[in-house]
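All remarks here apply to the structure that follows.
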Amino acid sequence: MNIYQNPYNPEKIKAAHKLLAELKYEIKPLVKGYSNQTLYINVGENKIGSKPVDQDMKDKFTGGRGFNMKLLWDAVTENTKWDSPENEIVIAAGPMGGITQYPGTGKSIVCGISPLTGAPVDSNVGGYFGPYLKFSGWDAIELQGIAKKDVIVYINGDEGIIQIFEAPEEDTNSHLIAEQMCDIFAENEMDMKSIATVSAGKGAENSFFGCLNFSFYDRRRKVARLKQAGRGGLGTLFRHKNIKAVVCKFSGMNANNNEVDDLEKIKDVGASYHRELYKEDDKQCDMRHVGTAHLVEIMDDYDLLPTHNYKFGADPRTPKISSVVWREMFTQGIPDGCWYGCTMQCAKCVDGYILQTGPYKGDTVSIDGPEYETAAAFGANMGIFDPHFIVEANFYCDTYGIDTISFGTGMAFIMECYENGIINKEITGGYDLSFGNGEESLHMLHQMARGEGFGKTVGLGIRRLKKLFAEKYGADPKFLQDIGMECKGMEYSEYMTKESLAMQGGYGLALKGAQHDEAWLIFMDMVNNQIPTFEDKAEALHYFPMFRTWFGLQGLCKLPWNDVEPANNAETDDPAKVPAHVANYVDIFNSITGRNIDKHEMILQSERVYNFQRVFNLRMGFGTREHDMIPYRSAGPVTLEEYESRVERYDKQLLEKWNWDPSGKTLEERHQKTREFREDAYQKLCDAVYKRRGWDNNGVPKIEKMKELKMDLPGVLEVLNKYYN
Amino acid sequence: MKVLVWDKSKCIGCGTCEQTCSKTWFKEENRVKSRIQINKTENGFSGNTCIQCGECILVCPVEALTRDSKGIVRLNNKTCVGCLSCVGFCPTSSMFVAPDEPIPFKCIACGICVKTCPTGALSIQDQPDPLEKVFYRRHF
């Protein structure tokens, strides 16, 4: 358990609650994975209501991210900005969410108009909230409006009561408020696992890349642990609405809360998958002991670990932050799943850590993570190869409600700007923000949470910083565009893409911004050379984004799909797709819902929502080719320093790949020619992908495509007719 | 710690133990629901029953599996959420799952089958106490 030097008083917190609104409702059993209604809450007007879910909504949007996008579309107009009162945070599990028999089935999907991108974003997160919400009777929750004072929304799924409280005394930071909600709403310690909290933190208030923390109570550690809906600034939106927490209580967990159609089939598939994990994980990714952090040294080996703002892909100091270190720091031998029955248990934890800095200095805490992204961002990308810094910064990012990826990539950008003289100590408030400076970086983080100093400026995010540095400090906008690793306004996650054109598309063509959850094609493309032509890459950039969208529709985690594979997977027709696991998902979906889909209908379910979201982007003023363009740092060497660091590779490519003889040419000429070839290749990739997806050459879905998908809804046609006419 | 022990040399595969077990715990004679499973092999029979090693305790997300005062690993049916983690992670595949039963089940060395075995192939025997590793490590 955590040990605080300044303990809080739950009684005092509870006594200060003032009830603003209440709704009592009848709790009905689910029907084959659905509750068939959604919850609407307006914290500005203190309204609580419900909306029905009909068969047409299920057919078109399936659930999860699909439901969220439909509800969000209905809530906003083309003029809605992220801070408009009508903007919403929508949270849903999908129809598969909450089953206990198969790993990775407890995810919540969160959507809203993003403070970073201005367009709809989706973020996938663990913890207990989404399934508990569904078992409490709600397939999704909409949070609209802006509260006058800080509030808490409480959904009591045991008794059928929803309340909005004014909540002045709770802490804002997540590690505290998640525990306070357990203290206030659980009957006793045994009941604390029934409490799931969504919260953000002070950093989310003062930056544009705030994240949401979804809690789950760890009975063995006696800690409310936190998983993050990190991408897109949804924590910022949450705090802008003056919501301190959304809490769901549900204590009736059993083996079939989803009231599925065929539990026997799910039991069969689940038990055999657990067995596969038992036999294979140690030999493959070792997720059960080190989680996603197993990737650190693998990425370094393949020159893919972003180092010093993505200039390089490897560093001799990487062993200091490799999985060997994390295995030792993570507590082993405890179930670490962020949902019941997830034996992949990648939610690793550093326990008994004494904080060295900040407002909680001296407190002893359990820290979730670091996961690969955080270790790579803070370790290699910021050049701070110190596991203790990574853990400390990870804790504070989480509790402050700050996305570790955007913070890490953002700081890496700041550090390169600092080393290039674009900013200096005068601007940073006296801090030397060169690569490798951990102590100064923690100052930035604490400043960000306090909303002061240069730390607050860092929280603007790279897109706004580029504008600021150009306008205020006279920096070259072209150079900033080249090195600022963001697309659509969202900071890149932590993979080097210079040598994988398909992965450049994986980031650039992702609907919400530069996140790798749509496609991760580097090994297929760069290492195994399985998709050599533009058409091959386009096919992969069709199939995988659609397939992976499906996880979000269903309330699933992606990791159990391919972070362990059947022993004979390599012998199958299409190993990259892991056919046996795809079959598992189809079987489970059918067993829950009583439907009879196949793997093709699975892709169609995703295509409907994916194309709807692309049109949604267009409706909000984005969603065209220009918004799919990527910074050159992600496609090739921006500086001569980078070119020289891999000179043999680049020279060889000029000759062999593009038939341009580099001999006798200056470094500048070779560097420039490389850029021309690579930028041209990215445009050709976009052409091929748009064609494959059924979009026009500007990246807009064709009306025929929407008709074919039966997604030619009146609102969709209105947007597309306006564009095509 | 007293555990159920199966003697290969004496077993004739009559299935009496399985019927006794399922009748005792599920009120039906159905070998699929027995907490001891005897299967025919090329060289005779294989017997599968829990050795009370406790590895399953480590993977249970809700602490439904605990070791009782006599050292026997027991499943609390009310706490169990039917995730089947213990089924997949049992080193001896002795945590069983059966149709129409949402949660798994295992041998608790009650000894009733011992009394009905016609050849004396089953016995309750004292075994060394479980290794310390089966209790999760409190590093925090």
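Once you compute Rg and the Kirkwood Rh from C-alpha atoms, what is the Rg to Rh ratio for the stretch A:10-249?
Answer for the stretch A:10-249: 0.93.
Over all alpha-carbon pairs in the stretch A:319-448, figure out the percentage whose distance exceeds 24 Å.
30
Considering the stretch B:2-128, what Rg and Dmax in Å follow from its alpha-carbon atoms?
Over the stretch B:2-128's Cα set, Rg and Dmax evaluate to 14.2, 41 Å.
Would you list A:Cys111, B:Cys90, B:Cys117 from fewest to most Cβ contacts within 10 Å?
On the way: A:Cys111 33, B:Cys90 23, B:Cys117 20.
The order, fewest Cβ neighbours first, is B:Cys117, B:Cys90, A:Cys111.
Quick one: A:Ser174, A:Ser663, fewest Cβ neighbours within 10 Å first, how do they rank? Kindly include the intermediate steps, with their values, before the conclusion.
Working: A:Ser174 30, A:Ser663 8.
In order of increasing Cβ crowding within 10 Å: A:Ser663, A:Ser174.
When the convex hull of the C-alpha atoms of chain A is computed, what volume per residue in Å³ does it have?
So the per-residue hull volume is 145 Å³.
Along each principal axis of its Cα atoms, how long is the stretch B:58-101 end to end? Whole angstroms, biggest number first, please.
31, 24, 17
Quote to one decimal, in nm, the extra length available between A:Asn424 and A:Glu471 on full extension: 0.36 nm per residue of separation minus the C-alpha distance between them.
15.3 nm
Report the trypsin sites (Lys or Arg not before Pro) located in the stretch A:617-725 that are in a DSSP loop and have at most 14 other Cβ atoms inside 10 Å of their Cβ, or state none.
Here the sparse-neighbourhood loop sites are A:Lys657, A:Lys710.
Which loop-located GluC sites (Glu not before Pro) does the stretch B:26-97 contain, where loop means any DSSP state but H, G, I, E or B and the Cβ has at most 16 other Cβ atoms within 10 Å?
B:Glu28, B:Glu29, B:Glu42, B:Glu63
Given the pairs A:Lys227/A:Lys311; A:Lys81/A:Lys241; A:Lys478/A:Lys673; A:Lys24/A:Lys47; A:Lys28/A:Lys51; A:Lys107/A:Lys249, which span a C-alpha to C-alpha distance of over 22 angstrom in this model? Please list the in-between numbers first.
Numbers: A:Lys227/A:Lys311 30 Å; A:Lys81/A:Lys241 13 Å; A:Lys478/A:Lys673 18 Å; A:Lys24/A:Lys47 13 Å; A:Lys28/A:Lys51 15 Å; A:Lys107/A:Lys249 17 Å.
In this structure, A:Lys227/A:Lys311 lie more than 22 Å apart at Cα.
In debye, nearest 20: dipole of chain A around its Cα centre with unit charges on the Cβ of K, R (+) and D, E (-)?
Using Cβ point charges on Lys, Arg, Asp and Glu, chain A gives about 1360 debye.
Between A:Lys32 and B:Gln125, what is the FRET efficiency for a Förster distance of 45 Å, r being their Cβ-Cβ separation, to the nearest 0.05?
Efficiency for this residue pair is about 0.40.
I want to verify the translational diffusion coefficient of the stretch A:640-725 in µm²/s; compute it with Stokes-Einstein, Rh as the Kirkwood radius over Cα pairs, at 4 °C and 1.567 mPa s.
Value of D from the Cα-based Kirkwood radius: 82 µm²/s.
May I ask you to derive the relative contact order of the stretch B:2-128, considering only C-alpha pairs under 8 Å and at least 6 residues apart, and to give it as an integer percent?
Normalised by residue count, the contact order of the stretch B:2-128 is 33 percent.
Find how many whole Å separate the alpha carbon centroid of the stretch A:628-650 from the alpha carbon centroid of the stretch A:687-713.
A separation of 32 Å, based on Cα centres.
Quick check: the distance between the Cα centres of the stretch B:91-119 and the stretch B:66-87, to the nearest angstrom?
What the calculation gives is 13 Å, centre to centre.
For the stretch B:87-97, in order, what is each residue's ³J(HN,Hα) by Karplus, 6.51 cos²θ - 1.76 cosθ + 1.60 with θ = phi - 60°, in whole Hz (x at glycine and Pro)?
With coefficients 6.51, -1.76 and 1.60, one gets 5, x, 9, 6, x, 10, 6, 9, 9, 9, 9 Hz.
Among the listed pairs A:Lys466/A:Lys691; A:Lys488/A:Lys705; B:Lys70/B:Lys115; A:Lys32/A:Lys348; A:Lys14/A:Lys70; A:Lys14/A:Lys456, which have their C-alpha atoms separated by more than 26 angstrom in this model?
A:Lys466/A:Lys691; A:Lys32/A:Lys348; A:Lys14/A:Lys70; A:Lys14/A:Lys456
May I ask for the net charge around A:Tyr132, where only other residues with Cβ less than 14 Å from the Cβ of A:Tyr132 are counted and Lys, Arg are +1 while Asp, Glu are -1?
+1
Output wanted: per-residue J couplings in Hz (rounded whole) for the stretch A:450-464, from phi through Karplus 6.51 cos²θ - 1.76 cosθ + 1.60, θ = phi - 60°, x for Gly and Pro.
7, x, 9, x, 5, x, 5, 5, 4, x, 5, x, 4, 4, 5
As an exercise, use a Förster radius of 35 Å and the Cβ-Cβ distance of A:His600 and B:Thr79 to find the FRET efficiency, rounded to the nearest 0.05.
0.30
Taking Cα pairs under 8 Å and at least six residues apart, what relative contact order does chain A come out at, in percent? Intermediate values should be presented prior to the final figure.
Working: 1626 pairs, mean separation 106.2, N = 725.
Relative contact order for chain A comes out at 15 percent.
Want the number for A:Asp301 to A:Gln672: 0.36 nm per residue separation, take away the alpha-carbon distance, what's left?
Between A:Asp301 and A:Gln672, full extension yields an extra 130.8 nm.
Take the Cβ-Cβ distance between A:Ala15 and A:Met190 as r, set R0 to 25 Å, and report the resulting FRET efficiency rounded to the nearest 0.05.
0.55
Which order results if A:Ser108, A:Ser366, A:Ser272 are arranged by neighbouring Cβ count within 10 Å, fewest first?
A:Ser272, A:Ser366, A:Ser108
For the stretch A:551-593 and the stretch A:297-374, what is the centre-to-centre distance using only Cα atoms, to the nearest Å?
Using only Cα atoms to place each centre, the spacing works out to 26 Å.
How many percent of all Cα-Cα pairs in the stretch A:501-724 sit more than 26 Å apart? Present the calculation step by step, with values, prior to reporting the outcome.
Working: 11356 of 24976 pairs.
Everything past 26 Å amounts to 45 percent.
Count neighbours as other Cβ atoms within 10 Å of each site's Cβ, and list the trypsin sites (Lys or Arg not before Pro) in the stretch A:247-300 that are DSSP loop with at most 12 such neighbours.
A:Lys283
At q = 0.17 Å⁻¹, what is the base-10 log of I(q)/I(0) for the stretch A:142-256 according to the Debye formula with one equal point scatterer per Cα and no solvent? Please give it to two decimals.
Per q value, in the given order, log10 I(q)/I(0) is -0.79.
Let me have the relative contact order for the stretch A:501-724, percent, based on Cα pairs under 8 Å that are six or more residues apart.
Result for the stretch A:501-724 is 24 percent.
Provide the per-residue ³J(HN,Hα) series for the stretch A:656-668, in order, calculated from phi with Karplus coefficients 6.51, -1.76, 1.60 and θ = phi - 60°, each as a whole number of Hz, with x at glycine and proline positions.
So the Karplus estimates, Gly and Pro as x, are 7, 8, 10, 6, 10, 6, x, 5, x, 8, 6, 4, 4 Hz.
Given the options B:Ala98, B:Ile51, B:Cys11, identify the residue whose Cα lies farthest towards the positive end of the charge dipole of the stretch B:2-128 (+1 on Cβ of Lys, Arg; -1 on Cβ of Asp, Glu).
B:Cys11
What Kirkwood hydrodynamic radius, in Å, does the stretch A:477-572 give when the mean of 1/r is taken over all pairs of distinct Cα atoms and then inverted? If you can, show how the numbers build up before the last one.
Details: mean 1/r = 0.0687 Å⁻¹.
Across the stretch A:477-572, the inverse of the average 1/r is 14.6 Å.
Computed from the coordinates by the stated procedures, all read-outs in this text should not be read as laboratory data. Everything quoted here is computed from the prediction, not taken from an experiment. All Cβ positions, even for glycine, are placed from backbone atoms using ideal geometry, and neighbour counts span all protein chains on display.
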